[in-house]
Each structure stands twice: as C-alpha cells, then as structure tokens.
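Reading through the structure tokens given below for one structure.
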Amino acid sequence: MSASEHPAIINLPEEALGLPPALPPSVLLQEQHAQNETSPAVEYSIPTEGLTSVSYDTDFPSLSAAAAPIAKSPVWGNRSGADLMRQQAPIKKSGVITEILELSACQQLQKKEFGNKTTITDTVKRITNKTNTQIDMSTAKISGTTTFLIKGNIEDVMRAKRELLDILAVKSEETIQIPVSARRFILGTRGQTLQAITSRTGTRIQLPPRQENNIEENEFDYDEDEEMMSVKIEGDTKGINLAKEEIAAIVNERTTKRSHRVTHIEHHFYPLIFGAHNQRINQISVDTGTKIHAPLYIAPAEVGDNQDHSKDYIIINGERDAIKKAIDAIEEIYTTLKSTTRILNVDIPKRQHKFLIGQKGSNLQEILETTGCSLELPALFDPSEKVIIRGPQIKLASALQIVLDKANSIHVETLDIALSHKTDKPLDHAKNILKYLCNRSKKKIESDNNVQIIVPKGLALEKSVILEFVGKDPGNVENARKEVNEIVKNLPPSHFAIATIEPHLHRHIIGRKGQNLQRVKETYGVEIIVPDEKDESPDILIVFENRDSEEVPTDKKKRESYVKDILEKAKLELIKAGQDASDFATQTLTIPVRFHRHIIGPKGTTLNGITGGSEAPVSVKFGSSRTGAAERSANAEGKKLVQTPMSNDIVVIKGPTEEVERVVKEINKVVEDAKHTEFMNSYTVEFTFPAQYSAHVIGKGGAHVTRLKDKLNVKIDIEGGAKGEEKKTAPGESVKVTIVGMKENAEEAKAKILDLVDKLQDSTIVRLNIPSEYHKSLIGAKGRYVKRLEDKYGVHIRFPKTKDPNEEGEDDSTDAQKPDEVIVKGGKKGVKDAQAELMELLDYERDHDNSESFKISAQFLPHVVGKNGVKINEIKDETLTRIDLGQAEPSDDDPNQQVVNVIVYGTKSDITKAKELILGIVKEFESQTTITMNIDPQYHKYLIGPGGSRIREIVSKVGGPDEKSGQAGIVKFPRPGTNSDEVTLKGDKELVEKIKIELERLVEEQSNLTVDIIQIPRAQHPILIGRNGMQLREIQSRFNVTIQFPGSRSYNDTPIVSHTNGKIENSEEAVKIIGKAENIEAAKAEILSRVRYTQINVPRKFHNSLISNGVVRKLRSDFHVTLDYADDGVQPETNPPKNSITNGVATKRIDDDEENSENKVELGWEVVENEHNAVGDIVWNLKGEKVQVERAEEYINDLLKEACRFTHTGYMTIPQQYHRHVIGRDGRTISRIRNESGCKIEVPKSKGDDVIIVTGSQDGVEKARSLIEEIINRAER
C-alpha cells in the first residue's frame, strides 16, 4: 500500500484546511476522493514536512509466507471497519501515525445496546485513555456515518481500532471448515500469520486446540480423506469475508501438493501392480510426475485378521491432477488383473519357504519378472505349507516349475539333538551339546562340507534343539549331518559337568590371555566353556573329550567312572581357583550419571588409565545402559560389560580389595574435579526459537551443534531433536534451548544460534525446472560452477542425484527431488540473484549445447592448428565455438592412414561456420601440389617481367590471388647465373595446372614472335598511349601484341624473335610492335587509323584573335588534339587601353546629366570597329584521333563564323564593385544579356581592372550597353 493509493490524513483543525468547521471528516474524505476521480488533484497548504507514507505489511512484514495477497477495495463509501484497517495507509512521523475508521449507520450497534448510561463519547474517551491515543469523532447528519481519526503509536492505534470495532460495530459470526493439516499454516510462526489476518480484517478468529492424536502433516501430506476442523470467525460482514478469503488462499496454496493413500486395493495384487523391481509403478510415477510409495509386501496365504496391514498401502504424492492420473492408471491395472489373473495352490515344506523368497526377496522378483506371476507365502508363525501362485492362466505352469526348481535347488536335512540320548532332562543335555558344537566343531564341519548349519536361537530353544543342514549338494548335506550325529552320539550326559562359580570370578579363572583355563584343559583333556559375561550365568560347562593320547578303559562301567573322575578333578580345580580369588571385593558408588563420561573419558582413556587397561584384575561397571569402547576396555578379552538392572547413577567396582580401593579413590578424585569444572561452567541460559528450524540448527547428525559445543566448550541441549532429524512441527510450535557453560561462551553460543535462526527465517526455497541434460554443465568440473554461485550469493544449490530405480530403501518422502528439479535455498535476495544467474547460464547452455564431430587427416592437423595455435584460435574467436582436437588414430577405412577426430561445440550456425573453415583449410591443402617445368633461361626474364609484374599478372589472370603476399611462393624461378631451366610451381592443383599452361603458351609465343617497326610522329605518341596508358593497354590487349615506344624501359629489351620487319629511320619516331605477324598487321592498322593530320586555312585577320582567346589550350584539353601552325612573326592584336581616351579627351557617359552628374557613377564607353588589314591565310595543322580531329575542325569553323559576325567591340568602364550586379547570381544576369544582345561579354577577374569588353555586331553591342547601364542604374538606387 503506498501513499499514492490513499490520501494522507493528518489530525489538524478543520480551519487549517480552509473548510467549514461543521463539515464531518467522513464527508470531507468522500468529497476529496470524488474530486480526485473527476478533476486534477487539489493541493492544500498543509505542513507535511517529515511525514512519510508507510504500510503495515511493509514495515511489519509477516514471517509466514502463507499470507495471501490483499485485494484493493473498488470504492470508498460504505466500507466496513475491516476495509479501513486493511486499506488505509497511515501517516508516520517519528513512530506516530494517524488513521481513519468509518462506521456507516448500518454497521453501528443501536445506542440502547451500549447501556443507558454509556454514550459513544464516553466509550471513545475510555478507549483514548486506555490506549494512550488521540481520537477525534464526527458524525454526518444525513448518512449517519461516524468517522474516527485516531492518532498515536502504531501499536496503540491498532489496539484502539480493535477496541472501537469490538464495542461499536455490529457483530456476526461464521464457521468454516479447513483441513487439519492447514492449521499450522494459518496460525503461523508464534501465531504471527493469524495475528496479521485478524489485524487486517478486524475480526476474531478461533482455531480449535491442537489434538495430540491429530498429526499435522507437512505441506505435501494433505490427503483427500483427511479430517476437517471448524474455524470460527467473528466480526463485521466484510471483515469476515476478507478473513475467509485469506484463509482460503492459505489453504489452497498449501494444499496444491497432496498425498493420497490408496487403501481399497487387495494387498496380494501389489506385486503384480508394481511389476518386477517396481518397474511398472516407477513408470507411472515418471509419466504422471508423482512420487509413489510402493510398500514392500509379501502377501500371506490363509492368514486371518490377526495380521496388521494398516501401513501396507500405496501413497501417492504430487499435484492434484497428477495424483488423479496416477490413481486412474493404478485402477486400470488393478481392474485388469482382477479379471485376468488366476491362482494355483502348491504345498511346499515350510523349511523351504525362505529359499523361495531369496535374499531380500530376489527370488520373488525373478519369478515375477520371468513369468509375470507373484507368490503368496504364509507368515513365519503360521504352520501352513501352502504357497499360492497368482498370475495369468498361461503363465501359472511355468511359474510352478520355477517355484519347484527353487524349492528343490537347496537340500535341507535336520537333526534333533534331544532325541540322541535317553536322559531325565533331554532338552538341557541337548543345549549343552549345542554349546560344545558351536564352540568346537560347527565351523570346521561347515567349511569341510560346504554347507550351512542353522542352529535354533531364543525361544526356539525352549521347545527343541533341532539343527538344519542346508546345501546345494545333497551328498555334502548328508555327510555333514552324519558327522554331527556321530559327535552327538559320543557325548552322553556322563561326559558333561558344570562348575558353579560367581560370574565376577570367571575372568580370574580364565587368567591372563586364558592361561589358567588352557592349563586345566591340557591337564585333564577336557573342553571348558565359560559363559559370556552378558549372560550373567555362573555355570561353567566342562566336557570330556576322548583324546587319542589318553588310555580310556574299554569297560563301560570303568570308562564311566574314569570320565566322572576326570570331570570332577577339573571341576574342583576350577572351584579352587574361584576360592583363591575370594579375597575379591565389590564396592558400589552412587555417582550422578552426568559424571560418568568424565570417568570413562574419550574412548575410555581415563577409565583405562585408572584400572590399568584390559589386562587389569579390576572391573568397573556403570549402572547406565550405555556400553561402548570405554566400558569394553575395562573387561577381559574386550568383551562387553554386563548391563545390570541398577540405577543409572550406580557404579560397581569389582576386583582384588587393594585394587578396588585404589580405583575407588581415583574415581572419586575424577568426580570431584568434574564437579569443580561443572561449577565453573554452571551458567545457564534458556531461550526458544521456532521448531521448524531445529533440524537446521542441529545439523545432520548433530554436526552444527557439536561444532558449536567443541568451539565454545559449552553444553547445548535442544529439546526434541538431538540428531537433527527432520520432524513435523505444528504452526507456532517452539523448541527450548538450554546452554550451560561459562557465561561469555554461553551468551556467544546463544547469539550464534539466534543469528542462524534469523537467517533461516529470511530463507526461501525455489525449485527450478532445469532439464537433467544440462546439470553437468551447470555444476562444472568437481562442482566448480555451482560452488562459485553458492559462495557468491550465500545460498545452497542442490541438484538431484542419479538413483537406481531398483535400489532398495529408496527415499519415499514427499519432498523427494524430481530428476529435472534444482533446489535453491538461502536468503531471498541471494536466491533471487542465484536463480537469475542459473537461468542465464541455462539459456546460454541451451544455445551452445550443440556439438558435431568429424574426422580430418592427421597430416593436415598442423595447418588447422597453425603456428602456436594461432589458426585454430582465430577460428574459435571468429565462430565463438569450443573446438576439441583428438589424438591421431588409424582410420576405419584405411588402417595405414592416420585421422584426427574434431568435435565442435556451440550454436548450430557457429558449428557449421567453424566446420566450413576447418574443412576449407583441409581442402586447400588437399589440393596442394608441386610440379617442375623446364623453361629455357632466355625466357625467364620475359616471363618474370619488370619487377615481377608479368608473372604476378599471369597468376592473377588464371584465377590466383591478386595480392602480392598471396602470390608469394606459387612460381619460383632459379636464381640468375645458375643456368638452371627448372621453374617450380606450388599450390592448388587446378591453379598450378593453369599457370603451367599459360607459361607454356607464353614461351611458345615468344619463340614465334616477330618485331615490326612503324614510324609515328613523336607528337602523336602521347595520343596513342593515352591517359595513364589506357589507349596503349587497350590496343595491346585487343591484338595480343606488345608495343614499345622510344624512351620506355623495355624498348631496348626486345626478346629474341624469329625475324624483324622494317627499318628504324628515325629513332625518336620508331615504334616497335612485337607479336605474331597477323596480329602485328592488325595492330598497325589500328594505330594508323588513330593518327590523323588535318589542315585548316584560317584567315590571317582572325588568327591572332583566336590564338589570343586560348583556342590552342581548348583543343588540347577538350579534344586531345594538337595544333601546329607556321609562325611568320604576325603578332596578335592588342586591345585599346582601358579607360579609353578619344582624341585625348575622356569620353562622357552617353546619359550624362549636368545637374545630377555628381550623384551618378562615371561610366566610360567606347566602341571600335574591328578592322583587319592583314590578308591571306595561315595553315593550321590538327593532329589526333580521327573522331577528335573532326570535332576540333567543327569547333574551329564555328569560331571563324562567329568572328565574321563580331564586327565591333565596345569597352565599358564600370567600377569593379558593380561587376557583381552585371554577372548576377550564378551568372544568370550576364547570361541574359548575352542571349538578348547576341554578344560576347568578358568581365575582368583581376583586381583593379574596371573595363568590361563587349564583342558583337554594332546593334548587339549597343543593346548590351543599354542592358548593362540599366542594371547599374538599378544598383545605384
């Protein structure tokens, strides 16, 4: 909400606003709002310096992410108190705000409901005093709307508004139903979300108390069958509607992902629905985008209702629509199975059932995968031997065969030991035999026969002692059974004796490293079995062994007497050893369990130091149930301590009296030191934080809190989660933290935990949908890229792990990560920035996630790479691609040829461009060849040409490069003076072949050349050569000849030719033409056609005037024609002097006016007749191309005709500043004068020359003068 959306209301007197005092604030607000909608905003002169608009949601944001966005009200009038509390932005100044509350007449309680003595004014005063606010009230007479202006601190204003609505507004009540799982989201952390809703809507919301048996699931654990609860909302009508909208938004947001339990499907169809190794159900999960929990189930046959299947159901997690698709798919499979499957019953001995299951159900999965049939086995406690095979009718027979093969693949034999001897207590005797077998013979028999002997355990021993012999080879199984049976038969009850000795003396009877026990065994030829200390049994079993070294009487009675005597002697010696140790003492200490860890020490080091280690004669037992390395170290042979039913605070020390007393003193000393340390570290601090963050604070396996404990040496107890497991917590639930230690350390630990909680509260989670094929690129080598993002933005980025769908114990939590899902966790800003960069990287990878591989010959690799990698780097930079070059390897097509694999990464267009460049280089060098020509050295100089020009021209002409650098190395002539005729050509095959042909042609031409001489006047040479040699090159090219003019560098380098025609008469005019005879003749004809002499007779009287007017320069520049004439000494006529004087007197202006002569410009004017006394003609010789000479002749004739017409010349003196008027803009005026008069007018260009010359007929000259004078007169005005 911003200040631009709502007007700022300030508590000022009405006079300060320039408004009538009687105008109610409510009317004022409505009128002001109406003006804002229809006219420009009116600014009042109100001092608002320092006032800023604030929003409750902005300045006091809810920590819960569940608050729904708040819709704006469309109108101002007739709004509820909830509208006002929700929409009007307060004005804040140093923590003080002013807000408006309007109650229309229909929203107000009737006055009689307030009581007879209490008025609205009294109520407002009471609320003002109670909330420490200032409240101004006014009521509109017409509408009855009451407006309250409330000013004060934010909290006080909110409380005052609540009080006013509670007392004055009409109340209503409504109850809505919501899922139980949504309760914690509506409540929010510490109730903040609920408080925000009630504050914004002005309502009271009552949530039912949390029931212990109602497990509030996490945000994805909502089920369609979940229990609903009632929520009561009290307040005005609009406020209730707004509260309902916000609650509905929270419920909808938190229940978009659901968890549905499929409970109606019969359990024995589970294996068939799931498929072998859950393949079918996993495919449904992938197709629908859901997470499906498939319970591990082995269906029991003919078991009653005494088996609990309450947890054996299918759970589907995901979006609602996706769940429905998954349910439909499962239902379709279930319906099909019900109609297409049959069952087959078979009886298989109970002991073989476990072999049908296999290790972790592997055999069941194999049968299901092979035949599509499932097995249903009776429970272990059920004596039934019936096995049900369920599946398609045509597959039942093959399934039965596999079942029988599996059952018969393992051979089982049994032996009941209790039936081997007749005795009063057969079961006890059988147990003694079993102890002996397990201690002496069992492992050896198993190893020798490759069988397994399964012995009964636990409660099974109370009924019988039956051994099972299991193996694949029936012969080995039978041999093992016979061996055991033979041993059992040789162990009658008379071969057993029991010595009863207190358990705590057993270790002393055994002696150090069992020396005492071993001596007794060897002396009497018996086996002694001492019970494990954990059994707390006083009975030591003595078994007579018929050893070969002993002579045993053969007579039965004597043998029994002999055995009895041996057993008795061994028994007495054991008892005597126990009696010798009767000086043992036992002391019991009561030490609080919290000090036990100090006595034990790290890994039992302290306790071992006190007792003397594992070989010490004294033992220490703790009353607590904890056993570990420390306690075990106090027992002989590393055996575990006995867990006694004593108090946890009890510590029992047993051993020789002196040792016991010493150990007691040491333990008491350790306890005293621990108490002192505890006192020094007894400072305790307690606080709470939201339970939802407890797992993060504790860390995985308690890592975070353990690190904090070790660093600060404090004890930290976090209620309800010592191992950091994720637990479901109710909204608003908190956990209590107790820290004990030194005050400074305890406070520091508290600060660190709360700081972490603050960061977690700001944290957010974003799930990005990024296809899995881009994960590797975004993660980078060893996670380099993703670690950089995590460090840069302080977030945690989790990519999904690749899982085996057949893996046991797959995570079935609703929070399981999808294959294309990337989770970003951390602070909101960091997550936002990391998300933006990740998506930019994804876009980049999508554009550049293209590659193409191709092979090139290894011999061209150096050319592709270039010197120091310059060439390949240029290609990379130009195409913006990444190029990987492999190692040379034999080609698949030709093992003798080495090829290199090239992989290009980038966009498709860039890859294509890079490939073209690389293949272009390869193609260029593939087509390279080197040939050698034999050319007579006399032609080398000609072929090279001046400065190598001819050979460069040859290369360029046949399609080679034009640049000099590109032509280097293509043609190589031998060095002068070597007399070698070898010319080397190197380059593209096609180009080299063309150059070779051209060189051969030129050599052949040179060998058949003819030189002819043609005499051309030297003055005509420039004409034939033309500007920049254009004419000459054109003739040479057209007729394929070489033309050499005298003075050229090649004139004296004429090659050896077959013969020469013509003689050189004048070396300055002799032009050489070299080529074939027919070409020379054609070129000569062309040259002669371009050389022309024309003579024109020009009257001598006009000769000088034409020459002086620049006709020679005109002919040369415009017509490329030269003019020669015989100079007989005749000089050109000179013009009369400017500022003409006639008879010694300056001429007057012809329009002189005596009166105005002082104001007019002095204009001189004189006309003379062009009289020529010269007689005869002068011959002009014109030389040039025929066409140009003809044009020049026409031009000269036109000049002569014009000269005949120009009989008079006028000289007009005009000050130079007026010349520009005569000329006019862009010469328009002087052109008009020339056209109208038919005269030639020359305006001087040199400074200081005032005379304008007019030449033409007598009438024309006068006409021109008149026009010029008219122009000057206009210019004077």
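The values are calculated or read from the model by the stated rules, or taken from the named source; none is laboratory data. All values derive from a computational prediction rather than experimental measurement. Virtual Cβ from ideal backbone geometry, glycine too; neighbours counted across all protein chains shown.
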| task | Find the residue count for the range 1197-1215, including only residues that are assigned to a strand (DSSP E or B), touching a Lys or Arg at 6+ places or on another chain (Cβ under 8 Å) and either without any contact (Cβ under 8 Å) to a residue 24 or more places away in the chain or not aliphatic (A, V, I, L, M) (or both). | result | 3
| message | Regarding the range 970-984, can at least one residue be identified that is surrounded by 12 or more Cβ atoms within 10 Å (Cβ to Cβ), without any contact (Cβ under 8 Å) to a residue 40 or more places away in the chain and not assigned by TED's automatic domain parsing to the domain that holds N934? | response | no
| For the range 1148-1175, what are the residues that are in a loop (DSSP other than H, G, I, E, B) and modelled with pLDDT of 80 or more? | none
| message | Tell me whether the range 1013-1027 contains one or more residues that are under 60 Å from the mean Cα position of the chain (by Cα) and part of a helix (DSSP H, G or I). | response | no
| remark: M1212 vs (1) in the same structural domain as E1270 (by TED's automatic domain parsing); (2) modelled with pLDDT under 80: all pass except (2)
| said: All but one of (1) at pLDDT 80 or above; (2) surrounded by 13 or more Cβ atoms within 10 Å (Cβ to Cβ) hold for L1009; state the number of the condition that does not hold. | reply: (1)
| said: If I ask for residues that are free of Cβ contacts under 8 Å to residues at least 12 places away in the same chain and over 17 Å from G1164 (Cα atoms), which ones from the range 1251-1273 would you list? | reply: D1259
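Let's see how each residue does on (1) within 39 Å of the chain's Cα centre (by Cα); (2) in a strand (DSSP E or B); (3) not aliphatic (A, V, I, L, M):
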residue	(1), (2), (3)
D136	no, yes, yes
F148	no, yes, yes
V157	no, no, no
E163	no, no, yes
D166	no, no, yes
T175	no, yes, yes
A182	yes, no, no
R190	yes, no, yes
L194	yes, no, no
| message | Among the listed residues E385, E369, identify the single one that is outside the structural domain of P474 (by TED's automatic domain parsing), in contact with a helix residue (DSSP H, G or I) (Cβ under 7 Å, 6 or more places away or on another chain) and surrounded by fewer than 15 Cβ atoms within 10 Å (Cβ to Cβ). | response | E369
| message | If I ask for residues that are touching a residue at least 40 places away in the same chain (Cβ under 8 Å) and among the basic types (K, R), which ones from the range 876-920 would you list? | response | K908, K915
| For the range 972-988, does any single residue satisfy the condition of being part of a helix (DSSP H, G or I) and either out of contact with any Cys (no Cβ under 9 Å at 6 or more places or on another chain) or among the basic types (K, R) (or both)? | no
| message | I'd like the residue in the range 1194-1206 that is more than 16 Å from I1241 (Cβ to Cβ) and not aliphatic (A, V, I, L, M) and, out of all such residues, is surrounded by the most Cβ atoms within 10 Å (Cβ to Cβ). | response | Y1195
| Mind checking whether some residue in the range 1233-1242 is modelled with pLDDT of 80 or more and either assigned to a loop (DSSP other than H, G, I, E, B) or over 28 Å from K1101 (Cα atoms) (or both)? | yes
| task | Give the number of residues within the range 314-347 that are more than 40 Å from the chain's Cα centre (by Cα) and at pLDDT below 85. | result | 0
| field | Sole residue being buried (at least 17 other Cβ atoms within 10 Å of the Cβ), among the hydroxyl-bearing types (S, T, Y) and either touching a Phe, Trp or Tyr at 6+ places or on another chain (Cβ under 6 Å) or not assigned by TED's automatic domain parsing to the domain that holds S777 (or both), chosen from T881, T912 | value | T881
| task | List every residue pair whose Cβ atoms lie under 8 Å apart, where the two residues are 6 or more positions apart in sequence or sit on different chains, the first residue falls within the range 318-339 and is surrounded by 14 or more Cβ atoms within 10 Å (Cβ to Cβ), and the second residue, located anywhere, is among the basic types (K, R) and in a helix (DSSP H, G or I). | result | I333/R280
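Output the residues belonging to the range 527-568 that are in contact (Cβ under 8 Å) with a residue 60 or more places away in the chain and either outside any helix (DSSP H, G or I) or more than 60 Å from the chain's Cα centre (by Cα) (or both).
Once the filter is applied, which keeps residues that are in contact (Cβ under 8 Å) with a residue 60 or more places away in the chain and either outside any helix (DSSP H, G or I) or more than 60 Å from the chain's Cα centre (by Cα) (or both), the range 527-568 yields E527, I529, D532, E533, E536, L541, V543, E560, V563, K564, L567, E568.
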| Does E1269 qualify as being surrounded by 16 or more Cβ atoms within 10 Å (Cβ to Cβ), assigned to a helix (DSSP H, G or I) and either assigned by TED's automatic domain parsing to the domain that holds L1123 or not aliphatic (A, V, I, L, M) (or both)? | yes
| field | Meets criteria (modelled with pLDDT of 70 or more, under 21 Å from A674 (Cα atoms) and not in a loop (DSSP other than H, G, I, E, B)) for K621 | value | yes
| query | For the range 419-463, how many residues are of a type in the set (S, T, Y) and within 60 Å of the chain's Cα centre (by Cα)? | reply | 1
| message | Filter the range 748-766 down to the residues that are farther than 22 Å from V824 by Cα and surrounded by fewer than 17 Cβ atoms within 10 Å (Cβ to Cβ) and list them by number. | response | A751, K752, L754
| note | Scanning the range 934-961 for residues that are free of Cβ contacts under 8 Å to residues at least 40 places away in the same chain and within 18 Å of K986 (Cβ to Cβ), the one surrounded by the fewest Cβ atoms within 10 Å (Cβ to Cβ) turns out to be G959
| task | Please enumerate the residues belonging to the range 1014-1050 that are touching a residue at least 60 places away in the same chain (Cβ under 8 Å) and surrounded by 13 or more Cβ atoms within 10 Å (Cβ to Cβ). | result | I1014, I1016, P1017, A1019, Q1020, I1023, L1024, S1050
| remark: Across the range 139-157, the tally of residues that are touching a residue at least 60 places away in the same chain (Cβ under 8 Å) and buried (at least 18 other Cβ atoms within 10 Å of the Cβ) stands at 7
| Residues Y844, Y905: which one is within 33 Å of the chain's Cα centre (by Cα) and not in a helix (DSSP H, G or I)? | Y905
